[in-house]
């Protein structure tokens with residue numbers, strides 16, 4: 001039986017929580033379950049509006065979609081969310097320039113279907129930690145072409161610049177991933193408020209402790225805050241074999 005736990009935290013430095021999580025272990029439309037992390041950006045209240053609006057729009061579209069293919073269902077939902085964010089930003093000047101990352105997943109038996117736009121991440125953790133998604137960020141592009149190494153990227157001044165977001169352009173490019181899950185695998189979805197404060201090996205260490213999903217999620221948030229808590233933190237943990 002699938003089990004999950006989610007938490008968001010404002011962190012130590014921010015006045016608003018622009019991260020939004022959505023969790024449904026029960027079916028939503030033709031998907032057996034849905035998990036979403038969205039990390040909003042934009043001045044004033046635009047970032048928290050963008051993340052919430054994107055996730056809620058996606059859920060509404062997933063619920064009403066007649067498609068059977070999960071990639072088509074989630075892809076269509078993300079594209080409509082992009083249209084909605086663009087439209088709202090044009091209607092209200094206070095929302096101009098807003099956008100959000102989205103990482104979404106559904107567990108289909110022993111398989112995981114993932115969609116990603118931006119630099120929120122999905123990992124699978126068992127004997128090791130594996131980042132499944134690829135960041136759509138300036139520093140990730142610099143790493144890919146060999147300009148800098150991953151160690152230098154952690155403290156690069158442009159590390160928060162993302163190259164894709166929901167609401168940034170009229171069309172949105174989505175990455176999809178399909179992974180087989182094995183017993184003992186725990187899925188971790190998170191915003192960069194976690195991964196900017198903790199290195200993968202620190203996340204892995206906490207995830208390997210003999211704790212419940214809730215205890216692991218709360219300990220990850222606590223560790224991120226203890227390391228500075230410079231951003232909002234969002235965490236979803238999923239065990240498909242609980």
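Exactly one residue among 160, 116 is within 15 Å of residue 195 (Cβ to Cβ) and out of contact with any strand residue (DSSP E or B) (no Cβ under 6 Å at 6 or more places or on another chain), and that residue is 160. Looking for something touching a helix residue (DSSP H, G or I) at 6+ places or on another chain (Cβ under 7 Å) and farther than 21 Å from residue 22 by Cβ - is there at least one such residue anywhere in the stretch 47-66? Taking every residue of the stretch 47-66 in turn, none turns out to be touching a helix residue (DSSP H, G or I) at 6+ places or on another chain (Cβ under 7 Å) and farther than 21 Å from residue 22 by Cβ.
Taken over the stretch 124-133, the criterion of being closer than 17 Å to residue 192 by Cα and surrounded by fewer than 20 Cβ atoms within 10 Å (Cβ to Cβ) is satisfied by 129, 130, 131. Considering only residues of the stretch 80-90 that are under 15 Å from residue 164 (Cα atoms) and over 16 Å from the mean Cα position of the chain (by Cα), which is surrounded by the most Cβ atoms within 10 Å (Cβ to Cβ)? Among them, the one singled out is 85. In the set (1) outside any helix (DSSP H, G or I); (2) at pLDDT 95 or above; (3) touching a helix residue (DSSP H, G or I) at 6+ places or on another chain (Cβ under 6 Å); (4) surrounded by fewer than 22 Cβ atoms within 10 Å (Cβ to Cβ), residue 206 fails one condition alone, (1). Strands (runs of 3 or more DSSP E) fully within the stretch 33-145 that include at least 3 residues being at pLDDT 95 or above and on the phi > 0 side of the Ramachandran plot: none found.
Any residue in the stretch 162-190 that is at positive phi and touching a residue at least 12 places away in the same chain (Cβ under 8 Å) sitting within a Cβ distance under 7 Å of a residue that is buried (at least 19 other Cβ atoms within 10 Å of the Cβ) and part of a strand (DSSP E or B)? List the pairs, counting only those 6 or more apart or interchain. Pairs found: 167/99; 167/100. Residue count for the stretch 1-32, restricted to those that are more than 16 Å from the chain's Cα centre (by Cα) and within 20 Å of residue 69 (Cα to Cα): 8. Residue count for the stretch 148-172, restricted to those that are surrounded by 12 or more Cβ atoms within 10 Å (Cβ to Cβ) and either under 16 Å from the mean Cα position of the chain (by Cα) or at pLDDT 75 or above (or both): 12.
The values are calculated or read from the model by the stated rules, or taken from the named source; none is laboratory data. Computed from a prediction, not measured in an experiment: that's the story for all the values here. Note: ideal-geometry Cβ built from the backbone for every residue, glycine included; neighbour counts use all protein chains shown.
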